[in-house]
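Notes for the one structure printed next.
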Amino acid sequence: MLLCDIGNSSVAFLDNSKYFSLSISEFADYKSEKKVFYINVNEKMKDVLREKENFINLEPYFKFDTIYCGLGVDRIAACYTIEDGVIVDAGSAITVDIVSNYMHLGGFILPGIVSYRDAYSEISSRLKCEFNTQVSLDAFPQRTVDALSYGVFKSIILIIKDAAYGKKLYFTGGDGQFLANFFDKAIYDKLLVFRGMKKIVEENYHLLFKQT
């Protein structure tokens, strides 16, 4: 089973148990003889996908209990296998969703860590620096790089803790493992979105394979 998760900055694949990724430009030329089951949040890729044979869009098959308007299919897929918990997908943006008894209670969106870094550099050239991932969050910073890192990481961590209310935390995405380290009993799952996609394919196996 070949699964494809198309984001705004890159495209991730899971070929059975093999994970690999492509840039957006590389994906434009990508072809596969296999059936490819995909989700897509990149508006610019819609025309590209129309030209790709063997690509099947999974979005119409998700039946997810939520009243949230405009919930992205990537967020739905990340939540789809979770019965109860808070799901944090830390990529280009950081999305936080709360699920109880398989019902989506709502969620919110923060800029991704890279976006915070870029925003500081636009304020002043003196604020252009890489964050210190080892900064202590238990002491007030004494230099600019730590002040920036502290402000970003602590604000992200506190708002997630406030949303959790003691629920289990599930992290995924490029910065998910880093953020998970700040929480007790947090679960990092690189393949969380793919698990939701795989579940949809299994639930709709006959319909999906009838298409091809």
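Some observations on this one:
- Helix 144-164 and the longest principal axis of the C-alpha atoms of the chain enclose an angle of approximately 60°.
- For region 36-103, the dipole from Cβ point charges (+1 on Lys and Arg, -1 on Asp and Glu) about the Cα centre works out to 200 debye, to the nearest 20.
- Taken along the Cα-to-beta-carbon direction at a fixed 7 Å, the label points for residue 165 and residue 139 span 3.7 nm.
- Rolling a 1.4 angstrom probe over the chain with all protein chains present gives an accessible area of which 49% lies on carbon and sulfur atoms.
- For residue 169, nonlocal amide neighbours, meaning residues 5 or more places apart or on other chains whose placed amide H falls under 5 Å from its own, are 86, 187.
- For residue 18, the lysines whose Cα comes closer than 26 Å to its Cα, not counting residues fewer than 8 places off in the same chain, are 31, 34, 35, 46, 52, 190, 198, 199, 210.
- Expected 222 nm ellipticity per residue - DSSP helices of 4 or more, -39500 (n - 2.57), all of the chain, to 500: -9500 deg cm²/dmol
- Seen against the Cα atoms of the chain and their longest principal axis, helix 192-203 is set at about 20 degrees.
- Taking a straight line from the alpha carbon of residue 168, these aspartates and glutamates sit under 18 Å away, with near neighbours fewer than eight places off in the same chain left out: 83, 84, 89, 97, 184, 189.
- Taking Cα atoms only, the orientation of helix 113-123 departs from the longest principal axis of the chain by about 50 degrees.
- Charge dipole (the chain, unit charges on Cβ, about Cα centre) - positive-most of 192, 11, 77: 192
- Summing Cβ point charges (Lys, Arg +1; Asp, Glu -1) relative to the Cα centre of region 62-212 gives a dipole of roughly 140 debye.
The values are calculated or read from the model by the stated rules, or taken from the named source; none is laboratory data. This is a predicted model, so every value here is computed, not measured. As a convention, Cβ positions derive from the backbone with ideal geometry for all residues, glycine included, and neighbour counts pool all protein chains shown. The protein model used for the area step is the full one, side chains on, heavy atoms only, and it has no ligands, DNA or RNA in it. Shrake-Rupley method; radii C 1.70, N 1.55, O 1.52, S 1.80 Å.
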